[in-house]
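Colleague: First the structure, which I've put down as structure tokens, then a few questions once you've had a look.
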Amino acid sequence: MRVFAHQLRSEQLIFWRNRESAGFIFVFPLMLFLLLGSLYGNETTDEGYPAIELLLAGMLGYGAANTGFAGMAITLVIRREYGILKRIRSTPLPASSYFAAALASILLVFALQALVLIALGRVLYDTGLPERPFSLAFLVVFGAAAFAGMGIGTASLIRSAEGSSAVVNFILLPMAFLSGAFGSRDYPPVLEAIANVLPLKYFIDLLRAVYLEDESAWSDPGALAVVAAWGLGGALLGARRFGWEPRER
Amino acid sequence: MPAISVRGLRKSYGPLEAVRGIDFEVAAGEVFGLLGPNGAGKTTTVEILEGYRKRDGGEVEVLGFDPGAGERGFKERIGVVLQSSELWASLTVREVHAIFAGYYAGPRDVDETIDLVGLGHKRDARVKTLSGGQKRRLDLGIALVGDPDLVFLDEPTTGFDPAARRNAWELVRSLRGLGKTVLLTTHYLDEAQQLADRVAVLVAGEIVKLGRPSDLTASAKAEIRYRRDGELVVLETEEPTRTLHELTAAALAEGRELEEIEVRRATLEDVYLELVDEQPT
């Protein structure tokens with residue numbers, strides 16, 4: 001427990017000190033929300049929701065994937081290729097504490113990001129506050145953890161530090177787009193069929209249900225199961241394939 | 001009890017036999033050098049002892065542990081300096097030391113460790129501002145901050161300029177002063193000669209010579225060269241005193257000068273190159 005707390009503090013120090021990670025992971029989704037919000041913040045969707053609230057739900061989904069999936073995958077690949085993971089492996093820090101702290105650090109960052117998103121929406125665009133804060137809080141933690149699991153799996157497939165950011169965004173941005181993170185989800189059937197197998201669509205569905213329709217997080221167990229399955233699948237792939245040592249060379 | 005004991009150690013990567021049954025022991029407090037050309041199996045051997053790789057055969061005991069088991073008690077007592085690694089560029093020297101110190105049950109004092117590796121004036125500098133030599137000191141600092149009994153140094157000065165190498169050597173000597181056992185790999189002969197109490201010469205996965213640096217040259221032949229009527233004469237001898245005496249006596253009796261006479265004792269370099277060349281590759 002002492003080493004876990006120490007490693008969590010270390011992760012937080014490393015995250016906030018690094019301008020690239022703090023900027024890309026924490027600030028970027030906030031910027032995107034402000035940008036898209038100012039574009040079509042006053043419209044109303046065909047379903048009768050304020051477009052800005054739909055966007056807020058989508059950005060919470062994008063933020064979970066960005067912080068959990070991209071944050072975990074890129075950090076792991078860079079640390080592996082730099083030899084930091086190999087170096088840590090020779091210390092008494094247990095692998096379980098390392099991963100638990102990395103996950104806790106991601107949850108902390110995303111929880112803060114979710115609070116800032118909701119506050120920005122409230123102050124700038126007059127969005128409603130969630131009627132079911134505990135269900136939303138559960139989704140925030142659950143989603144970030146599941147996407148972090150996918151991040152571990154993806155990290156085991158990426159071979160170089162230089163390519164990690166490109167590969168991760170090649171997966172993340174189209175997925176976010178198809179899943180309706182940036183607003184509309186009115187796509188041709190082919191794209192819709194792709195979105196239907198991706199976890200982010202289901203996660204955003206859950207966020208919309210809780211935030212826009214005031215439903216409980218358990219209202220759609222099928223969607224929860226899809227997101228959880230992707231997260232577990234990623235973590236299992238990582239457990240099988242992940243290496244502590246640099247792949248290059 | 002020796003700090004490291006290796007018996008019949010073997011390791012292959014596919015068809016390549018990287019380590020072909022080697023034996024050696026390292027006493028507690030000793031600085032032991034694994035010397036050999038690139039690809040001789042030095043890093044493979046060290047990484048087995050560090051617990052990074054599984055061995056294919058043989059017995060290995062390090063500080064009473066089987067390093068392959070990866071026990072926490074073992075990791076508490078070793079310090080590892082890898083051939084190459086980068087650390088978090090935006091953290092300070094002190095922060096990186098503090099992070100690693102927190103992994104151990106009984107670490108050294110962080111500031112004292114930073115002073116020990118000569119980074120006191122860089123304590124609050126970001127890692128990205130350090131020079132290559134200073135980064136190596138940082139690597140050594142985080143290897144020492146857990147207060148290990150045994151320190152592994154894998155090619156600690158490869159790529160250094162001569163001044164940085166001398167500095168690094170001073171650091172390794174200071175480890176001996178702390179009573180640490182050191183296992184050092186190098187492909188620089190002078191480094192092994194300068195630092196190690198004993199050296200194992202590893203060539204193509206086998207130990208071809210093991211002993212104190214001075215022992216390695218002791219049995220080597222001496223060479224006597226001179227010119228007779230302008231022609232170069234080279235004599236190899238295991239008894240240079242006797243040979244020289246006979247040569248000079250004969251020359252005096254004939255009233256002749258042994259032109260340009262010199263006696264050369266083989267250097268460690270000659271011995272090493274001979275050992276390396278003898279091996280089929």
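The values are calculated or read from the model by the stated rules, or taken from the named source; none is laboratory data. Model, not experiment: these values are computed from the prediction. Please note: Cβ atoms are built from the backbone with ideal geometry, for glycine as well, and neighbour counts cover all protein chains shown.
Colleague: Could you tell me which numbered condition B:D111 fails, if it satisfies all but one of (1) outside any loop (DSSP other than H, G, I, E, B); (2) touching a Ser or Thr at 6+ places or on another chain (Cβ under 9 Å); (3) of a type in the set (D, E); (4) away from chain A (no Cβ under 12 Å)?
Modeller: (2)
Colleague: OK, next. Under 8 Å by Cβ, and 6 or more places apart or on different chains, what pairs join a residue from the range A:91-106 that is within 18 Å of B:A105 (Cβ to Cβ) with one that is of a type outside the set (A, V, I, L, M, F, W, C) and surrounded by fewer than 18 Cβ atoms within 10 Å (Cβ to Cβ)?
Modeller: A:P92/B:R72; A:P94/B:R72
Colleague: Criterion first (in contact (Cβ under 8 Å) with a residue 60 or more places away in the chain and among the polar types (S, T, N, Q)) does B:T129 satisfy it? Before you say what the answer is, go through the steps one by one.
Modeller: Details: in contact (Cβ under 8 Å) with a residue 60 or more places away in the chain: no; among the polar types (S, T, N, Q): yes.
No, not satisfied.
Colleague: Can I ask one more? Restricting to the range B:215-227, what's the tally of residues that are hydroxyl-bearing (S, T, Y) and modelled with pLDDT of 80 or more?
Modeller: In the first step, residues of the range B:215-227 are kept if they are hydroxyl-bearing (S, T, Y); the result is B:217, B:219, B:226.
Filter once more, so that each one left must be modelled with pLDDT of 80 or more: B:226.
Matching residues across the range B:215-227 total 1.
Colleague: Residues being outside any helix (DSSP H, G or I) and closer than 21 Å to A:L207 by Cα: count how many of those fall in the range A:119-164.
Modeller: Of the range A:119-164, the ones outside any helix (DSSP H, G or I) are A:126-132, A:156-160.
Now drop any that are not closer than 21 Å to A:L207 by Cα, which leaves A:126-132.
Residues that pass the stated criteria total 7.
Colleague: Test B:D139 against the criterion of being crowded, with 18+ Cβ neighbours inside 10 Å, under 20 Å from the mean Cα position of the chain (by Cα) and facing another protein chain (nearest Cβ under 9 Å), and give yes or no. Steps first, please.
Modeller: Working: crowded, with 18+ Cβ neighbours inside 10 Å: yes; under 20 Å from the mean Cα position of the chain (by Cα): yes; facing another protein chain (nearest Cβ under 9 Å): yes.
Yes.
Colleague: So, one more: Take B:A143 and decide whether it is in contact with a strand residue (DSSP E or B) (Cβ under 8 Å, 6 or more places away or on another chain) and in a loop (DSSP other than H, G, I, E, B). Break it down into steps so the answer makes sense when it comes.
Modeller: On the way: in contact with a strand residue (DSSP E or B) (Cβ under 8 Å, 6 or more places away or on another chain): yes; in a loop (DSSP other than H, G, I, E, B): no.
No: the conditions fail for B:A143.
Colleague: Also, I was wondering about something else. Among the candidates B:A192, B:A163, which residue alone is outside any strand (DSSP E or B), assigned by TED's automatic domain parsing to the domain that holds B:E86, buried (at least 24 other Cβ atoms within 10 Å of the Cβ) and on the phi < 0 side of the Ramachandran plot?
Modeller: Numbers: B:A163 fails: buried (at least 24 other Cβ atoms within 10 Å of the Cβ).
Only one candidate passes the filter, namely B:A192.
Colleague: From B:V182, B:V145, grab the single residue that is within 14 Å of B:L116 (Cα to Cα), crowded, with 20+ Cβ neighbours inside 10 Å and among the hydrophobic types (A, V, I, L, M, F, W, C). I'd like the intermediate steps shown before the answer.
Modeller: Values: B:V182 fails: within 14 Å of B:L116 (Cα to Cα).
None of the others qualify; the one that does is B:V145.
Colleague: Considering every residue within the range A:59-79, establish whether at least one is within 21 Å of B:A89 (Cβ to Cβ), not basic (K, R) and not in a helix (DSSP H, G or I).
Modeller: As a first pass, look at the range A:59-79 and keep what is within 21 Å of B:A89 (Cβ to Cβ): A:70-79.
With not basic (K, R) added as a condition, the list becomes A:70-78.
Of the ones still in play, those that are also not in a helix (DSSP H, G or I) are none.
No, every residue in the range A:59-79 fails to be within 21 Å of B:A89 (Cβ to Cβ), not basic (K, R) and not in a helix (DSSP H, G or I).
Colleague: If you don't mind, there's one more thing I want to ask. Identify the single condition in (1) more than 12 Å from chain B (Cβ to nearest Cβ); (2) touching a helix residue (DSSP H, G or I) at 6+ places or on another chain (Cβ under 9 Å); (3) at pLDDT below 95 that A:S21 does not satisfy, given that it satisfies every other one.
Modeller: The one condition A:S21 does not meet is (1).
Colleague: Being buried (at least 20 other Cβ atoms within 10 Å of the Cβ) and β-branched (V, I, T) is the filter here, so list the residues in the range B:88-136 that pass it.
Modeller: B:V93, B:V96, B:I99, B:V110, B:T113, B:I114, B:V117
Colleague: Suppose we filter the range A:91-104 for residues that are farther than 10 Å from B:Y103 by Cβ, small (G, A, S) and either surrounded by 19 or more Cβ atoms within 10 Å (Cβ to Cβ) or at the interface with another protein chain (Cβ under 10 Å from one of its Cβ atoms) (or both); how many remain? Show your work before the answer.
Modeller: Here is the first cut: in the range A:91-104, the ones farther than 10 Å from B:Y103 by Cβ are A:95-96, A:99-104.
From what is left, the residues that are small (G, A, S) are A:95-96, A:100-102, A:104.
Imposing the further condition that a residue be either surrounded by 19 or more Cβ atoms within 10 Å (Cβ to Cβ) or at the interface with another protein chain (Cβ under 10 Å from one of its Cβ atoms) (or both) reduces the set to A:95, A:101-102.
Count: 3.
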